[in-house]
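Contents: one structure, followed by commentary.
No value in this document is a laboratory result; all are computed from the given coordinates. Predicted, not measured: the structure shown is a model, and the values here were computed from it. In this analysis, Cβ positions are derived from the backbone assuming ideal geometry, glycine residues included, and neighbour counts consider all displayed protein chains.
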Amino acid sequence: MNATRPKLHHLNWNLLHTFLVIVEERSITKAADRLLVRQPSVSAALQRLEETLGSQLIQRDSRRFVLTKRGELLYKECVDIYRSVARIGDKLSEEHDELTGLVRILVVTHVVMPVLDRSLTLLNRQHPSVNVRIDVATSQDIVRAVSQKLSPFGICLLPNPLAGLTCRLLLREEFGILCGRDHPLYGLKDIPLADMKDEPFIALACGQDGALEPMVSLRQGVGLGSRIVGSSPNLEEVARMIAAGMGIGILPVASVQDALDAGSLWDLSSPDENLGADLYFITNPAMELSAAEAAFQRVFEAELLAAEPAGDDPDSVSDSQYLSDAPLKAL
């Protein structure tokens with residue numbers, strides 16, 4: 001009766017699955033690589049889907065990739081469809097000993113956390129047919145995906161726990177204000193923050209936008225970064241520019257400890273400045289987990305519990321010391 005309603009008799013799951021992968025990869029080329037098909041096939045599938053639905057789903061060119069409003073709505077529906085199909089597989093395999101399914105985890109880059117490594121090892125040993133996909137994203141994107149039930153699990157940096165989500169503190173990461181060997185401030189100690197606020201600054205790109213990125217609150221909290229002269233989404237490249245003497249920057253101390261020990265970087269911050277950010281494991285209590293996802297959550301939470309210090313002794317080891325047998329690098 002509605003003349004504008006799309007004719008869906010030609011719509012099939014392959015088109016929807018291709019669209020889902022395109023959005024997840026944010027690239028036609030990367031989607032083709034993941035689907036093991038040629039790029040023209042993926043482009044043709046997207047075009048056929050848009051023609052079937054009578055709507056543009058993605059606005060893209062060489063510099064941007066943006067979902068239209070209808071594209072966002074369709075993506076959410078595709079995620080629900082995919083999860084429903086996964087649950088069908090779970091239910092059909094319940095009578096067998098071997099669990100199957102996909103576990104997707106979103107993490108911030110440079111996370112080194114042995115408790116997660118052990119959990120993945122145990123999950124694989126207990127359920128070898130379960131597939132795990134780990135994607136790297138900014139803290140803001142991780143929170144958005146978990147809030148919208150697009151991903152079941154996230155490990156991200158937050159200034160504070162968020163309402164509506166289950167946020168478990170994993171550990172605290174310490175940060176330092178760094179400069180390179182050729183910088184005028186190299187080798188100096190106890191420099192007032194006011195004397196550094198006008199220094200050229202090297203910023204981590206994922207920490208430049210979005211209030212959820214602790215790098216923003218750290219930088220603004222100490223009054224630095226008014227003049228950004230370099231940036232990169234890659235932590236190593238930020239450290240490279242700092243070491244080259246281009247400016248100062250704020251980075252996790254553990255991630256650049258080798259450079260500090262070698263003398264190519266110098267930590268200008270003092271212990272009483274207490275620069276740091278907290279790493280959280282976040283889930284959405286309103287999201288129904290598949291059997292595979294529930295299995296991972298049980299294993300991971302059991303490992304977290306085993307890593308916690310026993311008793312209430314105030315001199316006992318802290319969570320951050322206990323949950324990481326090696327330095328955490330998270331940003």
Relative contact order [Cα under 8 Å, 6+ residues apart], segment 13-76, whole percent: 27 percent
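Starting from the Cα-Cα distance between residue 117 and residue 12, subtract it from 0.36 nm times their residue separation and give me the gain in nm to one decimal. Present the calculation step by step, with values, prior to reporting the outcome.
Values: separation 105, 0.36 × 105 = 37.80 nm, distance 3.79 nm.
Taking residue 117 through residue 12 to full extension adds about 34.0 nm, to one decimal.
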Vicinal HN-Hα couplings computed from phi for segment 168-180 (Karplus, 6.51 cos²θ - 1.76 cosθ + 1.60; Hz; Gly/Pro x): 9, 5, 9, 5, 10, 9, 8, 10, x, 8, 10, 9, x
Built amide H within the under 5 Å cut-off of residue 105, gap 5+: 133, 134, 135
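Computed FRET efficiency, Cβ-Cβ of residue 64 and residue 29, R0 22 Å: what is it to the nearest 0.05? Before the final figure, lay out the partial values.
Values: r = 15 Å, r/R0 = 0.69.
That pair, residue 64 with residue 29, gives E of 0.90.
Expressed as a rounded percentage, what relative contact order does segment 95-173 have, with Cα pairs under 8 Å and six or more residues apart? It would help to have the intermediate numbers written out before the result.
Numbers: 84 pairs, mean separation 29.9, N = 79.
So the answer I get is 38 percent.
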Interchain or long-range residues, amide H under 5 Å from residue 176's placed H: 251, 253
